[in-house]
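Here's the structure, in structure tokens; my notes come after.
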Amino acid sequence: MIAVGSVKGSPGATTLAAALAVVWPGDAAALLVEADCAGGDLGGWHWTPDTPGVASLAAACRTGAVQLGEHVRRLPLGVDVLLGAAARSPATVAVGLLAEADHGLWAKERPTILDVGRLEPDAPSSVLVTKAEVLLLVARGDEASLLRVADAKLPAREVRLVLVGGCRYHHDEITQLTGLPVAASVPWDSYSARVIAGQAVARKGWTRRGLPADARALAAQLTTPTAEGVAGDRRG
């Protein structure tokens, strides 16, 4: 289970999470879960009702018997998603209930990517982050953003940084400042972002370049852990 989040602003956590789900390697398709307490975006972007979704799954988990497929929606870009409620209050309640449940009930059948949005202290999504194998922290590469990352209290056992839109600093300088290994640098890919947001039609081969191509390399890195990755762990 992989969590994707940020500490401030909108650096593209949802877009990266969706891109990872699209290109995830292996025979089992990845499941994307909108676990953002501020509310889910994908349902609104694709004009798709958010029920069934995270809320219905959380309710089912309370019974101890879950048929995951009953709560999953497939979006036009080919991703299976557990949609989060668009409004903050119902989204927070649903994520809280899901965090209290045994994640083995819903996260054991396939690779699972959690879009936790902005990491907020004491938010229910933080509990889910602690259950993930790794947190991909998405940030821009400017100095102010990196300083916020360095100052953040992160709930994950392992955190890796994903830089969006380029950066003037070398990766080793960023690691020295933030204490986090840099897992990837990905472009600000407006076309792929529009496809993921349902604003553009996916052209043939769109996953072979830009953000999806870099997301594929990142996914391969995550599925083949290295000694360097383990050494770069930081505990919150």
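Looking only at the stretch 22-30, decide whether some residue is closer than 20 Å to Val129 by Cα, touching a Lys or Arg at 6+ places or on another chain (Cβ under 6 Å) and either in a loop (DSSP other than H, G, I, E, B) or not charged (D, E, K, R) (or both). Checked against the condition, which is being closer than 20 Å to Val129 by Cα, touching a Lys or Arg at 6+ places or on another chain (Cβ under 6 Å) and either in a loop (DSSP other than H, G, I, E, B) or not charged (D, E, K, R) (or both), the stretch 22-30 yields no hits at all. Is it true that some residue in the stretch 127-134 is free of Cβ contacts under 8 Å to residues at least 60 places away in the same chain, crowded, with 20+ Cβ neighbours inside 10 Å and under 19 Å from Leu180 (Cβ atoms)? Within the stretch 127-134, not a single residue is free of Cβ contacts under 8 Å to residues at least 60 places away in the same chain, crowded, with 20+ Cβ neighbours inside 10 Å and under 19 Å from Leu180 (Cβ atoms). Flag not set for Leu163, criterion: over 19 Å from Asp115 (Cβ atoms) and at pLDDT 90 or above.
Exactly one residue out of Leu31, Leu16 is farther than 17 Å from Val195 by Cα, of a type in the set (A, V, I, L, M, F, W, C) and modelled with pLDDT of 95 or more: that is Leu31. With respect to (1) in contact (Cβ under 8 Å) with a residue 40 or more places away in the chain; (2) farther than 18 Å from Arg140 by Cα, the lone exception for Val4 is condition (2).
Residues are listed down the side, and each one gets a yes or a no for (1) out of contact with any helix residue (DSSP H, G or I) (no Cβ under 6 Å at 6 or more places or on another chain); (2) more than 15 Å from Val195 (Cα to Cα); (3) at pLDDT below 95; (4) not in a loop (DSSP other than H, G, I, E, B):
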position: Ala3; (1), (2), (3), (4): no, yes, no, yes
position: Gly9; (1), (2), (3), (4): yes, yes, yes, no
position: Asp36; (1), (2), (3), (4): yes, yes, no, no
position: Thr63; (1), (2), (3), (4): yes, yes, yes, no
position: Pro76; (1), (2), (3), (4): yes, no, yes, no
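Of the helices (runs of 4 or more DSSP H) that lie entirely inside the stretch 88-184, those containing 2 or more residues that are among the small types (Gly, Ala, Ser) span 88-100, 124-131, 143-151. Of the residues making up the stretch 171-194, those that are touching a residue at least 60 places away in the same chain (Cβ under 8 Å) and among the aliphatic types (A, V, I, L, M) are Val186, Ala193.
When restricted to residues that are crowded, with 22+ Cβ neighbours inside 10 Å and over 16 Å from the mean Cα position of the chain (by Cα), the stretch 150-177 contains 1. Scanning the stretch 22-57 for residues that are closer than 20 Å to Leu119 by Cβ and either of a type in the set (A, V, I, L, M) or surrounded by fewer than 18 Cβ atoms within 10 Å (Cβ to Cβ) (or both) turns up Leu32, Val33, Ala35, Ala38, Leu42, Val54. Taken over the stretch 44-82, the criterion of being basic (Lys, Arg) and within 16 Å of Thr92 (Cβ to Cβ) is satisfied by no residue.
What is the one condition in (1) hydrophobic (A, V, I, L, M, F, W, C); (2) surrounded by 21 or more Cβ atoms within 10 Å (Cβ to Cβ); (3) touching a helix residue (DSSP H, G or I) at 6+ places or on another chain (Cβ under 6 Å) that Ala13 does not satisfy? Every listed condition holds for Ala13 apart from (3).
The values are calculated or read from the model by the stated rules, or taken from the named source; none is laboratory data. Computed from a predicted model, the values in this text were never measured in an experiment. Cβ sites come from the backbone with ideal geometry, for glycine too, and all protein chains shown count toward neighbours.
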